[in-house]
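To keep things clear, I will list the structure first and then write my remarks on it.
The values are calculated or read from the model by the stated rules, or taken from the named source; none is laboratory data. Worth saying up front: this structure is predicted, and the values here are computed from it rather than measured. Backbone-built Cβ (ideal geometry, glycine too); neighbour counts: all protein chains shown. Heavy atoms of the whole protein, side chains included, go into the accessibility calculation; ligands, DNA and RNA do not. Shrake-Rupley method; radii C 1.70, N 1.55, O 1.52, S 1.80 Å.
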Amino acid sequence: MQFLKRLCTFALIMMENLTGEIHRPGRIEVVCGSMFSGKTEELIRRMRRAKFAKQKVEIFKPSIDTRYSDIEVVSHDQTSIKSTPVDTSSSILLLSSDIDVVGIDEAQFLDDGLVDVCNELANRGVRVIIAGLDMDFKGNPFGPMPALCAIADEVTKVHAICVRCGALAYLSHRLVHNDKQVLLGEKMEYEPLCRDCYQKAIKEESNK
């Protein structure tokens, strides 16, 4: 009898969860933070829930991001989901007809037109989920991300752990000497640092 009660409770919770996914109106959700903070994992989790709820989903990523795969969005822990690479934000609009949920990974690498694209999709009733770096390796706002955070219905800031002291990470510190804003890389090129450790790292580098 107790088992049946638990089973019924579980079924009700699942129905409530699915109803919540199915009936979400057009909206913009942004997941931002430093590298290694779990942004892509969260994007994939939300997209899979929407797919489980029988919604039509499509996920896009910048075509320049080929670190793990040319056609998949892949997190640092190797969780993956099939995606469509695009060169410009306008392509997302063209490829999103008859889609309920649009996911966009590494949004900081796309052009500023992404803001208008996401607004138009949301106004059509599409749920748009965006993941990206809010700051570059110098701590400056990165690409269209600040504007996307401003127009979003919901912003989730996730944090990595500072590799030097264990506090919440503030940004991605670049370990290689390269001043280009866009430089694809992983743990050999970047490390997550808190604000204090980042300031110390910059001071150490300037003294070399």
- Task: With respect to E58, determine if the residue is modelled with pLDDT under 65 and open to solvent by 40 Å² or more (accessible area, probe 1.4 Å).
- Result: no
- Item | Filter pass, S80 being under 30 Å from C162 (Cα atoms), at pLDDT below 55, in contact with a strand residue (DSSP E or B) (Cβ under 8 Å, 6 or more places away or on another chain) and open to solvent by less than 50 Å² (accessible area, probe 1.4 Å) | no
- Which residues, taken from region 109-133, are touching a Phe, Trp or Tyr at 6+ places or on another chain (Cβ under 8 Å) and surrounded by 24 or more Cβ atoms within 10 Å (Cβ to Cβ)? G132
- Task: Can you work out which of the residues in region 165-208 that are among the polar types (S, T, N, Q) and modelled with pLDDT of 70 or more is surrounded by the most Cβ atoms within 10 Å (Cβ to Cβ)?
- Result: S172
- Go through region 147-163 and count every residue that is surrounded by fewer than 17 Cβ atoms within 10 Å (Cβ to Cβ) and assigned to a loop (DSSP other than H, G, I, E, B). 3
- For region 81-146, list the strands (runs of 3 or more DSSP E) that sit wholly inside it and hold at least 2 residues that are in contact with an Asp or Glu (Cβ under 8 Å, 6 or more places away or on another chain), without any contact (Cβ under 8 Å) to a residue 60 or more places away in the chain and not acidic (D, E); which are they? 84-86, 101-104
